[in-house]
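As structure tokens, the structure follows; a few thoughts come after it.
Only the coordinates and a few stated rules stand behind these numbers; no lab work does. Just so it is clear, the model here is predicted, and its values are computed rather than measured. Reconstructed Cβ throughout: ideal geometry from the backbone, glycine too, with neighbour counts over all protein chains shown.
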Amino acid sequence: MSSPRWPAFLALVLVLAGSFRIASTWSVFNHTIDEPDTLAAGIEYLTTGRYLYEDVHPPLGRVFAALGPYLAGERFQKGPDSYHEGYRILGRGAHYDRILALGRAGNLVFFWIASLVVYLWGLRAGGPKAALIATLLFTSLPPILAHAGLMTVDFALCAMTSAAALASLHWAGLPNRGRSVLLGVSIALAFVSKFSALLYLPSAWLAMCAYHLAATRQRPAALWRELWGRRRRIALVAGTVALAIWAVYGFTFGRVDFLHLRLPAPRFFLGIHSVWLHNQRGHPAYLLGQRSPNGFWYYFPTVLALKTPLAMLGLLAISPWLLRSRRHAGLAAAFSLGIVLVSMRGHIDLGVRYLLPVYTGLAVVCGCAAARARGWLAKSAVALLIAWQMVSGALCHPDYLAYTNEIAGSHPENFLADSDLDWGQDMKRLAAFLEQHHAMEVTFVPFNRTYGTLAGDAFPPMHPGDPAHPSPGWNAVSVSVWKIFHTPTWPDAQPQPQARIGRSILLWHFP
């Protein structure tokens, strides 16, 4: 391990192993609720050069999701909406499995970028050993493996927001022209991955600046003077951001009604406005047995506590003792903290997938802490925690999406729902179970209503039944529909189900 090449080589092996684990899930799970829409919007962009179907998400992640199906011959045909167009592209049978896998493969690019950021940040903060351990932890995290394996925009946000934060650290050290352009491009790619980056990056930078001032005992006025001295480089960064965003949106120019202006990349601004309106309205959420029409202020810290392996939380808890004075690791922690703090102000509480960039900072902190362990007690504790994370992640394969740590126990539905547990991913497995048991029909109100009807494979006829009473025969219950919308109500008083499909669908059979 004395050669600097060995940590990089081993990190590459870890990333490849993580990629294999991700790819092995593609054929297990059917499409989740957001994937057809992502595919259709990406195919529209690649086929026509336009991005008109739906602007609540920017195009970067969707283009990469659509790239594989596009190269396989899929083309845009204007359907009534993006969801139906997505179902048409997915199709049925073997075609469905092939196109879904090709679309999901596009997210591997962002998994590789995010893993590279973790390695480089760990190398900067703590050296080769810290970089290797950080990569090991990051590439074995169930939430990372889960969302890197889906055809959605959440992992593009993770990769590009983290890359922009790391680029800003390099720019702060040497703000030359090349690094200014690189920072501008990375910020733009974060902004066109998901609109959350528009809040995450400023909040993360504020937290990182606050930590830097505290660690160096520098006055804020000195920092402002330094930034003012770099105003030309900052202008170059801002100009690069604007130009790159405009390029992604095809150098379009048009009217933005809510601003009463004509602007470059109008769909970018319309998308921001759509997300703002959604946040103002709120979104139904479920947490710890409680329902809310517009979320909970403590939602994201709680979700992180339940979805992050306890081993990583343990490493984080002892990291101040192990690190003592490690300023660069502190910057990584500040990056994650800034994102968590600003997320608590929102009203769209739809899962840990919104916080995936946090894990890059946490992995770096844990990697630096583990690399600094001294003495047999500290080294033994670190080795035990790392082994615990490896085992807990392996045991949940392939159900990374529905993973919860030991706090939730065997009843995660009492704690979480939606994309943290049931995003409609187990319809394919349910169909196989019902076929194996020769079921001709099922009483079921699915969270994912389209598998077997608009795309995928054959599915037995579904009947909604009486929400207050189970029906004779097989009764399937979606965790998300039950917990978020309280439909049906009869499972509240029922004993344990006879079967579980993954962790997202519960099954009872009544004579």
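Provide the net charge surrounding Phe251, with neighbours chosen by a C-beta distance below 15 Å and charges set as Lys +1, Arg +1, Asp -1, Glu -1. The partial results should precede the final answer.
On the way: positive: Arg50, Arg262, Arg267; negative: none.
So the environment of Phe251 carries a net charge of +3.
Working from Cα positions, state the angle (0 to 90°, nearest 10) between the long axis of helix 266-281 and the longest principal axis of the chain.
In the chain, helix 266-281 runs at an angle near 70 degrees to the longest axis.
How far is it, in nm, from the label point at Asp492 to the one at Arg449 when both lie 7 Å from their Cα along the line to the Cβ?
That separation, rounded to one decimal, is 2.3 nm.
Return the sequence-ordered ³J(HN,Hα) values of segment 454-468 in whole Hz as given by the Karplus equation 6.51 cos²θ - 1.76 cosθ + 1.60 applied to θ = phi - 60°, using x for Gly and Pro.
10, 7, x, 10, 5, 9, x, x, 10, 10, x, x, 8, x, 8
If a paramagnetic tag sat 7 Å from the Cα of Ile407 along the Cα-Cβ line, which residues of segment 285-311 would have the backbone N under 12 Å from that point?
Under cut-off, by backbone N: 288, 299-311.
Figure the gain on full extension for Ala499 and Ala238 (residue separation times 0.36 nm, minus the Cα-Cα span) and round it to one decimal in nm.
Contour length minus the Cα-Cα distance gives 88.4 nm.
Would you mind calculating the gained length between His509 and Thr216 on full extension (0.36 nm times residue separation, minus the Cα-Cα distance), in nm to one decimal?
Values: separation 293, 0.36 × 293 = 105.48 nm, distance 6.47 nm.
Full-extension gain reported as 99.0 nm.
Consider the candidate values (1) 4, 18, 24, 21, 12, 9, 7, 4, 1, 0; (2) 4, 18, 28, 27, 16, 6, 1, 0; (3) 4, 16, 23, 23, 16, 9, 5, 3, 2, 0, 0; state which one is P(r) over Cα pairs in 10 Å bins from 0, in percent computed from the structure displayed.
The value computed from this structure is option (2).
At a 10 angstrom cut-off on C-beta neighbours, averaged per residue, how do the peptides 222-229, 72-79, 382-389 rank from highest to lowest?
Highest-to-lowest ranking by the protection proxy: 382-389, 72-79, 222-229.
How far is it, in nm, from the label point at Leu263 to the one at Leu16 when both lie 7 Å from their Cα along the line to the Cβ?
In this crude spin-label approximation the distance works out to 4.6 nm.
Sort 264-275, 416-427 by the packing proxy (mean of other Cβ within 10 Å over each peptide's residues), most packed first.
Order by mean packing, descending: 416-427, 264-275.
Compare the peptides 368-380, 463-475, 106-118 by average per-residue count of other Cβ atoms within 10 angstrom and give them in order, highest first.
The peptides rank, most packed first, as 106-118, 368-380, 463-475.
Run lengths n ≥ 4 of DSSP H only: what is the helix-derived mean residue ellipticity at 222 nm for the chain, with -39500 (n - 2.57) per run over all residues, to the nearest 500?
Working: 21 runs with 293 residues, N = 511.
Helices in the chain give a 222 nm mean residue ellipticity of -18500 deg cm²/dmol.
Taking amide H positions as placed in the peptide plane 1.01 Å from N, state which residues far from His463 in sequence (5 or more) or on other chains have amide H under 5 Å from it.
Val442, Thr443, Phe444
Pull up the cross-link candidates among the lysines for Lys483, meaning alpha carbon to alpha carbon under 20 Å and not fewer than 8 places away within one chain.
Correct list for Lys483: Lys307.
Roughly what angle does helix 220-229 make with the longest principal axis of the chain, taking Cα atoms, 0 to 90 degrees, to the nearest 10?
The two axes meet at around 80 degrees.
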